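Here the structure is laid out as structure tokens; the discussion comes afterwards.
The values are calculated or read from the model by the stated rules, or taken from the named source; none is laboratory data. Values in this document were obtained by computation on a predicted structure and should not be read as measured data. Positions of Cβ are generated from backbone atoms using ideal geometry, with glycine treated the same way; all protein chains shown enter the neighbour counts. SASA here: full protein model, heavy atoms, side chains in, ligands and nucleic acids out. Shrake-Rupley method; radii C 1.70, N 1.55, O 1.52, S 1.80 Å.
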Amino acid sequence: MDKPVCLIDTESDGKLCVQPSALQILQQIQQPVVVVAVVGLYRTGKSYLMNRLAGKQTGFALGSTIESKTKGIWMWCVPHPTKAGTTLVLLDTEGLGDVDKWHAAGRCWLPQTVSRQRPSSGIGLAHPLPSILVTVLLPVTRSKTRETQVFSPAMCERGMSDIVTDSTTPPLKALNRYVTELTEYIKIKSPDEVLDDSEFVKFFPNFIWAVRDFTLQLNINGQDATEDEYLEFALKLKLGNSKQVNNYNLPRECIRKYFPSRKCFTFPFPTNPDNVSYLETLDPAEISNKFLEVTDRFCQFIFDQSQVKNLKDGHTVTGRVLGHLAKMYVDTISSGAVPCLENAVIAMSMIENEAALQEGLEVYKSGLEKLKDSFPLELNEITLEHQCFSLMATQTFMKRSFRDDDGKYLTSLEEAINRQFDAYLWDNEKASEAKCESLMSVLSDPMTERINQGFYARAGGYDLFCKDLEDIVNQYNTLAYKEVKIAEVLEKFLQEKVAITTAILQADDKLTENERRICEERERAVLLEQEIISQEERQRQLEEKIETEQQNNEERVRQVIEMMENEMSRQQQETKRAMESKLREQSALMEKGFQEKADRMAWEIEELRRKNAEVEESASRKYAQMISDQQRRNEQNMEVLRQQHSQQMQAINSRPRPASRSCSIQ
């Protein structure tokens, strides 16, 4: 993308909508994505930071007035600067406190804005979509008319700590409300399921706090401090249980509790106040070196520390999946419901598993389809290709699918591949049959001409006929030895010549009646022998198919085990991330004397351990069942083939073997 496009906007009736053109772009991105979203007050330089992340000076709109230039959520997809094969998706959002919308009562606002009628209508989008959430704050006040923006040194001096809960302006009040009501805007499971909100730490994005126009010294109690230490200082809780203390602590507790990773950047004034609104057009020499240095650190941190976006349970999100998620969440919000991560994952798994099935089948079909121009082929050639593309199809399916716990979609893929393989075998056999019949027709044309001319209707004609027939069979076997239908076409040819052979035999006056009877017995024997040869060839082909399927079954089981191990590993990483966050928070609470809160956190940690143990045990049982089901399906398929093999063997063994063969094919 050479420029951003609008991803989410509002329709005339105030409902959220996803722009089809943006969805089309996301559908084309098959790579994993790192999603960075920026939220915060309007006119705080969010768009400038996102342009820098995109490696551009311009792109996202920067306004020069109190009117917000970014309406809705805008998206810019660019190659990730440091992660090969990954796309960086930047989401720039309209800001809190936009004058045009602050008085628009009832409008369905976007993620970082708060509607007076339905505050939960869009805020949830700020969390399930990104893997990194950047919140930009500017220590400013607004005039009562909200028509001008002035920098307030007094407010700057109060520090970032007060910014968190400052309710002197509607935008900051909205931000406070936004932070403290996160669990009302997004659910992990359906509302009727009880779930401790401590689970949110597993799924929330990494949190970056960017403070613009920061003028304070990074100093705590006379000691120099880092930006991160200053952030943690700002999030420090107060002792006590009064209403005022609880109101002070609540947003801080939310941030500490829900966001497993926190980072802070403090940006100084970028330039002369008169030029702030024109950052995108300023010469770099006119911008503060310190501001540029912090901006570079900010960008580099995101490039280096950003993780690929994952769904709940760790499934990697591609651009295509991100588009589905955005559409799903927006539709949910527009319906008046609260976005639910679990429901989204279930719905997404159905979409992706069906698509994975079709994608895997297409891999198989496109590979085998190329062989059709080369039909007929030897059975081992098409079998080897079937085996190769069947495994490729399964790998393709497993790469995209997730939560196919009962193996429904994998089974459907296997059945579809088997049906397709049988169809290709049929096409190959028909091509082989046509080739063998054409060859037999060419080889037998001279003999057919002689038959029509009555050449063999004389004394000694039977021996001449047998010699010509033997020559035809020898040539045919030499030229068609690779064909899968060689035996059946020859059997059919000999059956068609029975009446002619009998007529020539009866017309040969040179033979006695006894010699004729002997020749007739030999002719019947050769037909029986050729029928047995045809059955044995079909049996050999079936045995080859059984061997191939056995190898495919073993490989599929191995792939299922590998997929399950990867899923288990992703879940364990989620758990580790959440556990480490809670342990850090518990340690901090104990250190600061919040024993009651630390005890509560200890209980949450134990609950998390218990739930994780249950999840792992359940997953182990689920995976064991999946492997068992896969092996059972494999065994059922093999049993069908073995029964076919047994029936063919019985048919072959039940036929009497001829004692001798006719002169025609000796």
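Around the amide H of residue 15, modelled in the peptide plane, lies no amide H under 5 Å away from a residue 5 or more places distant or on another chain. The string of couplings for region 488-500 from the Karplus curve (6.51, -1.76, 1.60, θ = phi - 60°) is 5, 5, 5, 4, 4, 4, 5, 4, 5, 8, 4, 5, 5 Hz, one whole number per residue in order, with x for Gly and Pro.
A simple spin-label model places pseudo-atoms 7 Å from Cα toward Cβ; at residue 285 and residue 331 they are separated by 5.6 nm.
Our coupling estimate for region 8-21, obtained by passing each phi through the Karplus curve with A = 6.51, B = -1.76, C = 1.60 and θ = phi - 60°, is 10, 9, 10, 7, 4, 8, x, 7, 5, 8, 9, 6, x, 5 Hz, Gly and Pro reported as x. On a per residue basis, region 364-416 carries 45 Å² of accessible surface, using protein heavy atoms and a 1.4 Å probe. Measuring only protein heavy atoms, the 1.4 Å probe finds residue 645 accessible over about 40 Å².
Surface composition of region 312-411: carbon plus sulfur atoms contribute 53% of the solvent-accessible area (1.4 Å probe, protein chains only, all chains present). In this structure the amide hydrogen of residue 264, modeled in the peptide plane, comes within under 5 Å of the amide hydrogens of 209, 228, none closer than 5 places in sequence on its chain.
Computed FRET efficiency, Cβ-Cβ of residue 557 and residue 591, R0 60 Å: what is it to the nearest 0.05? With a Förster radius of 60 Å, E is 0.75. Each part gets one Cα centre, and for region 1-40 versus region 366-393 those centres are 41 Å apart.
Taking every protein chain into account, the 1.4 Å probe leaves residue 388 with about 60 Å² of accessible area, to the nearest ten. The phi-based Karplus calculation (6.51 cos²θ - 1.76 cosθ + 1.60; θ = phi - 60°) puts the 3J(HN,Hα) values of region 374-391 at 9, 4, x, 10, 5, 4, 5, 5, 5, 5, 5, 5, 4, 4, 4, 6, 5, 5 Hz, whole numbers, x for Gly and Pro.
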